[in-house]
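Chemist: Pasting in a structure now, in structure tokens, and then I'll have a few things to ask.
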Amino acid sequence: MDSFMKDDRIEFRLNSWMENAAICGLVNILGEEHVKINPQSVEVPTEALRNFEESYFGYFAEQYQKLSSLTKVLAYEDEMLRQQQEQFAHFDEKAYQRLQKYLTDLKRYGESNSYLAVYPLIDSPTDIVSLIKQVKIDKLKKGEMTQDKAQVIERVKKCYDLLAEIFAYYHQEEVQRYLAAKIQIYSVINNGYNDVSFLNRQESKGDFFEKYHNYFVESMFSYLEEDHQKDKLSCTNCGQPIKKGEISYSFINQAGYDANRKQSNAWGFTNDLFMCPVCRLLYTCIPAGFTYVYNQGIFVNDNHSVRTLLDVNTNIRLNVLSVNKAEVKADDTYAALIRTLQDSMNQQHRRELQDTQVVRYENERYYFNLLPKHILKTIEQSKDKLAKLFNVGFILNGEYQSVYKETITRLMNNTNLFSLIYQIIRTQATGGQVYMKTDHIIKLIAINQNFLKELIQMKELKDEELQRIRRDGFFLKKEYANKNKADSIGLRLLNALKIGDKNGFLDLLLNSYMYLNKQVPKYFTSATFNDEEGFKTIGYSFVAGMIGDYAKIEGGNDNE
Ligand SMILES: [Zn+2]
């Protein structure tokens, strides 16, 4: 049995990804200065956990401030002060519309369930609900702003008076403390666990600081003070004795993944797995170990040491949630992952590149990827090209597909990019919505080559060669007087590529060149074209050019 509780401190040891994420979260919440970081464990003074709920909720409120609706609720204040300072000199129709739009947001958030649950906890003479009801502004009549500006400004001033009271309310310390945290309960914290204490549906009202304290913190201290010499059971995580099997893993989202692994240490005949209250508190820190953007989370289980775990994941978090950024997007978690992996590869002179486990949380479940060395290498070699794909995408079955995300996901799953390349060209060829240039497709093909050459022997085509093939495709299409005919050949070539029918592809191509009385480019008879990957690489570059738009054709220099 691991004895991990020393007199005045508790030691938490690295274990599977779930404990590791929780340990990172625990350190994030308490701050590194309050814990002792060992290579394979962290030690926390027991007293640092006495009022853990304050640092706990404070951490989420602060880290996710940028994504918080409270930030949006207070967003208009700066403009209001500026307009007042300028005595409405520049207040125009646009400013009026901004105010109207803001008021819609204010109502949407201010009257939402999370907010309504917090108001009763605030000791304030302000009746915020009725203030929000009162604050509204009539629609601007046509020409009113130019003909009757004074009257319009009077209206705005009345509105501002109410807003001033509303902002004062939201700035109160108590409101900030409760509301900022409450918002994160349902956007971040519940990604880690659910249905207990303040997350229980029946418990959604009331003081969640208190609820967390009583449920997780108090019970842990009572447990630590009790005598456990006669206990018959033991915690399936840390091995400490427990009296009764009270605390199961069921409150942790998707814990089934991990529970099976623990079966082997389970006590006695029962299949039920139980933990001690110390581990329960630890597991509530899982969401603080992940970085989430809109229910999409990421954790890199680089378990070389506690230090590497903290460094990699802090990097990702800072990258994603940096307050200096104008906007946070869901794809940012991927971009941050890639940037962080690149950084750590650059710093890894001393340490060999090693396989790294990435845990993603999406659509309420966990996805696991082991990033083997060759994928890390592909990412490293493709970093400039990957960066160019960040804002491009296309619509597939009515849904927007981010090419960046799709590329990273495929690479993480150790899958080549041919099917993605096919989907994009196919969408373009059939008149669908594609928000990218042919040049981006060529970049994808080049990234795919970086991936393939790590796995198989293949002759790599340089960027200039890919561009030339693409140009040849473009000019072949141009030769056709009948555009529809060219399009239909393009689609048939694409289909041959998809099913890997090299002979069919070549037949079609030779026919076309013969029909136009042109010479077939040499690469179609080269050794490279003979390999399946070479055939697809050349073929997709050619068809991308054929189907690509005329205006976007560029010179031979790929300026990478
Ligand atoms: Zn335990």
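Chemist: Quick one: in the stretch 106-131, which of the residues that are part of a helix (DSSP H, G or I) and of a type in the set (S, T, N, Q) is nearest to residue 174 (Cα to Cα)?
Modeler: 114
Chemist: Could you say which residue among 96, 115 is farther than 18 Å from residue 184 by Cβ and not hydrophobic (A, V, I, L, M, F, W, C)?
Modeler: Criteria check complete, one pass: 96.
Chemist: Identify, please: which residue in the stretch 93-123 is aliphatic (A, V, I, L, M) and in contact with an Asp or Glu (Cβ under 9 Å, 6 or more places away or on another chain) and is, among those, nearest to residue 164 (Cα to Cα)?
Modeler: 99
Chemist: Answer yes or no as to whether residue 486 is within 30 Å of residue 388 (Cα to Cα), modelled with pLDDT under 95 and touching a helix residue (DSSP H, G or I) at 6+ places or on another chain (Cβ under 6 Å).
Modeler: Numbers: within 30 Å of residue 388 (Cα to Cα): yes; modelled with pLDDT under 95: yes; touching a helix residue (DSSP H, G or I) at 6+ places or on another chain (Cβ under 6 Å): yes.
Considered against the rule, which asks whether it is within 30 Å of residue 388 (Cα to Cα), modelled with pLDDT under 95 and touching a helix residue (DSSP H, G or I) at 6+ places or on another chain (Cβ under 6 Å), residue 486 comes out as yes.
Chemist: Output the residue which, of all residues in the stretch 442-456 that are closer than 14 Å to residue 374 by Cβ and either of a type in the set (Val, Ile, Thr) or in a loop (DSSP other than H, G, I, E, B) (or both), is modelled with the highest pLDDT.
Modeler: Top of the filtered list is 447.
Chemist: Something else about it: Of all residues in the stretch 312-354, count the ones that are over 18 Å from the mean Cα position of the chain (by Cα) and modelled with pLDDT of 75 or more.
Modeler: Total satisfying the criteria: 0.
Chemist: For residues in the stretch 250-273 being modelled with pLDDT of 70 or more and in contact with a Phe, Trp or Tyr (Cβ under 8 Å, 6 or more places away or on another chain), which is nearest to the ligand (Cβ to nearest atom)?
Modeler: Out of the qualifying residues, it is 273.
Chemist: Out of 228, 213, I need the residue that is surrounded by 19 or more Cβ atoms within 10 Å (Cβ to Cβ) and either assigned by TED's automatic domain parsing to the domain that holds residue 274 or within 12 Å of the ligand (Cβ to nearest atom) (or both). Which one?
Modeler: 213
Chemist: Between a residue in the stretch 360-388 that is among the hydrophobic types (A, V, I, L, M, F, W, C) and any residue that is modelled with pLDDT of 85 or more and surrounded by 16 or more Cβ atoms within 10 Å (Cβ to Cβ), which pairs come within a Cβ distance under 6 Å, given they are 6 or more apart or on different chains?
Modeler: Correct list of pairs: 368/359; 370/357; 371/358; 375/411.
Chemist: One residue is enough: does the stretch 473-483 have a residue meeting the conditions outside any helix (DSSP H, G or I) and within 18 Å of residue 534 (Cα to Cα)?
Modeler: No.
Chemist: When the stretch 231-241 is examined, which residues are found to be within 14 Å of the ligand (Cβ to nearest atom), farther than 8 Å from residue 276 by Cβ and part of a loop (DSSP other than H, G, I, E, B)?
Modeler: 231, 236, 239
The values are calculated or read from the model by the stated rules, or taken from the named source; none is laboratory data. Every value quoted in this text rests on a predicted model; they were computed, and no experiment measured them. Neighbour counts are summed over all protein chains in view; Cβ atoms, including those assigned to glycine, are modelled from backbone coordinates with ideal geometry.
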